[in-house]
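Readers should treat all values here as calculations from the given coordinates under stated rules, not as data from a laboratory. Keep in mind the model is a prediction, meaning the values are calculated, not measured. Positions of Cβ are backbone-derived with ideal geometry, glycine not excepted, and every protein chain shown enters the neighbour counts.
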Amino acid sequence: MQDFQLAVFRGMLDVLHGIGAHRWMGRATRGRGAIFMLHHVRPAKPDAFAPNRFLEVTPEFLDRVIHHVKEAGVDLVSLDEVHHRLVEPGCARPFAAFTLDDGYIDNAVYAAPVFRRHDCPYTIYVPSDFVGGNGVLWWLVLEEAVRRVDSLRVSLQGRPETLETTTAAAKAEAFARIYAGLREGSDAAMQATIRSLAAQAGFEPEAIGRSLCLDWDGLSALAADPLVTIGSHTRSHRILAKLDSETARAEILEGRAVLEERLGRKVEHFAYPVGDHSSAGPRDFAMVRELGFKTAVTTRRGVLHSQHAAHLEALPRVSLNGHFQADRYVGLFLSGVPFALFNGFRKVDVR
């Protein structure tokens, strides 16, 4: 279903671009501004099996996006400025903010120089366990386990089965099947399954994060750049909707507290792990609002409208990922046209 929805959305983008919808509809749909979402920024690496490739873009693409945004007369702003412009809407100029989730080393190696070259503010949302070296990036652990072996034993919704993973096609099918089962199951089942898969493949699940994520020295060095804002992404990146209220609240509080203690600064912005409708909802939005964050972002598609001033705890973002790594989409995204159509012209979605 997710692949079908993605194909439909991408097809819609191509049609809208073909008819120039952003030029004649944009005035009614572009809103106040946009928050762009990225994860990895690094050179492309060919691989027949790369199910998480959609979470990466190249430095060259990021450079072209920022250039396009500037050429469109859109202000490049920090999240503090996003907050200011939403709650004090005196400035009518359109704006865009750039955000990166998870705190990967490639953000410092490849993305930071691009942002510095454009004098562009950006925010990195960090789970404190990831930067501390004891986080489990379950979607990447799953990929690595499937890559390493020719078969895996797994229990999905209580049904044990063995999945063959000898070819790239079989690996892709196994990954998709396990991923869907993990998303549908409980948090406890997800944690246990991921550790079982890593054990079968012969590696420690935390090792993936230590090889890919910034450590405290790296994050501190990056945070010293005045262009950089550090945001919280919980303690361990667990999906909040799978947790009871007490555990979810602890995830949010502990993640922020560790960042503030280690970096010596207030952390006022938040990103929900995974962040779609099934991962964070009204209970979680209310919790984050109560805990006093200035803004919190989801992965729900959309641009920012004046109405979001009353819903700063549930802001949409515009995904700049591998599925949409094409220059022709940037103008469409800034116009807000595809999101207006995708969301049925609903400007705010806090369901």
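Set against the 2.2 N^0.38 Å expectation for a compact globular protein, the stretch 125-173 has a Cα radius of gyration ratio of 1.44. Which distance in Å, rounded to a whole number, links the C-alpha centroids of the stretch 317-341 and the stretch 136-186? The two parts, judged by their Cα centres, are 30 Å apart.
The antiparallel fraction among DSSP beta bridges confined to the chain stands at about 25%. Only helices enter this figure: runs of n ≥ 4 DSSP H residues, each worth -39500 (n - 2.57), summed and divided by the residues of the chain, yield -13500 deg cm²/dmol at 222 nm to the nearest 500. Between Phe345 and Arg153, the contour length at 0.36 nm per residue exceeds the Cα-Cα span by 64.6 nm.
Above 26 Å lies some portion of the pair distances; for the stretch 175-324, what is it as a whole percent of all C-alpha pairs?
Everything past 26 Å amounts to 34 percent.
In summary, the lysines within cross-link reach of Lys171, defined as a Cα separation below 24 angstrom excluding same-chain residues under 8 places away, comprise Lys45. With no solvent and one point on each alpha carbon, what is the Debye value of log10 I(q)/I(0) for the stretch 138-207 at q = 0.16, 0.18, 0.21, 0.26 Å⁻¹? Treating every Cα as an identical point scatterer, log10 I(q)/I(0) equals -0.45, -0.58, -0.81, -1.26.
Under a 5 Å amide H cut-off, with hydrogens placed 1.01 Å from N, Gly231 pairs with Ile124, Tyr125, Val126 among residues at least 5 apart or on other chains. Each Lys and Arg contributes +1 and each Asp and Glu -1, all at the Cβ; summed about the Cα centre of the chain, the dipole is approximately 1020 debye.
This model, with +1 at the C-beta of Lys and Arg and -1 at the C-beta of Asp and Glu, gives the stretch 138-207 a dipole about its Cα centre of some 100 debye. Taking the longest Cα principal axis of the chain as reference, the axis of helix 59-71 is set at about 20 degrees. Summing Lys and Arg as +1 and Asp and Glu as -1 over all other residues whose Cβ lies under 11 Å from the Cβ of Ala44 gives a net charge of 0.
What the phi angles of the stretch 215-225 give under the Karplus curve with 6.51, -1.76 and 1.60, with θ = phi - 60°, is a coupling list of 8, 5, 5, x, 5, 4, 4, 5, 5, 6, 6 Hz, glycine and proline written as x.
Computed from backbone phi, the HN-Hα couplings of the stretch 118-126 come to 9, 6, 9, x, 7, 10, 10, 8, 10 Hz, rounded to whole numbers (Karplus: 6.51 cos²θ - 1.76 cosθ + 1.60, θ = phi - 60°; Gly and Pro given as x).
Computed on the stretch 1-65, the Cα convex hull volume stands at 143 Å³ per residue.
In this structure the amide hydrogen of Leu156, modeled in the peptide plane, comes within under 5 Å of the amide hydrogens of Glu161, none closer than 5 places in sequence on its chain. Remark: C-alpha extents of the stretch 254-305 on the principal axes read 33, 22, 19 Å, sorted largest to smallest. When the alpha carbon coordinates of the stretch 49-88 are projected onto the principal axes, the ranges are 47, 22, 11 Å, largest first. Length gained on full extension, Ser278 to Asp80, computed as 0.36 nm times the residue gap minus the Cα-Cα distance: 68.5 nm. Backbone phi angles across the stretch 77-91, fed through the Karplus curve with coefficients 6.51, -1.76 and 1.60 (θ = phi - 60°), yield HN-Hα couplings of 9, 7, 5, 4, 6, 4, 4, 4, 6, 6, 8, 10, x, x, 8 Hz in residue order; Gly and Pro are listed as x.
The chain has equivalent-ellipsoid semi-axes of 31, 24, 20 Å, by the square roots of 5 times the alpha carbon gyration tensor eigenvalues, sorted largest first. When peptides 339-350, 227-238, 302-313 are ranked by their average number of other Cβ atoms within 10 Å per residue, the highest-first order is 227-238, 302-313, 339-350. Along the Cα-to-Cβ line of Glu254, 7 Å from the Cα, sits a label point; which residues in the stretch 270-298 have backbone N less than 17 Å from it? Flagged as within label range: 273.
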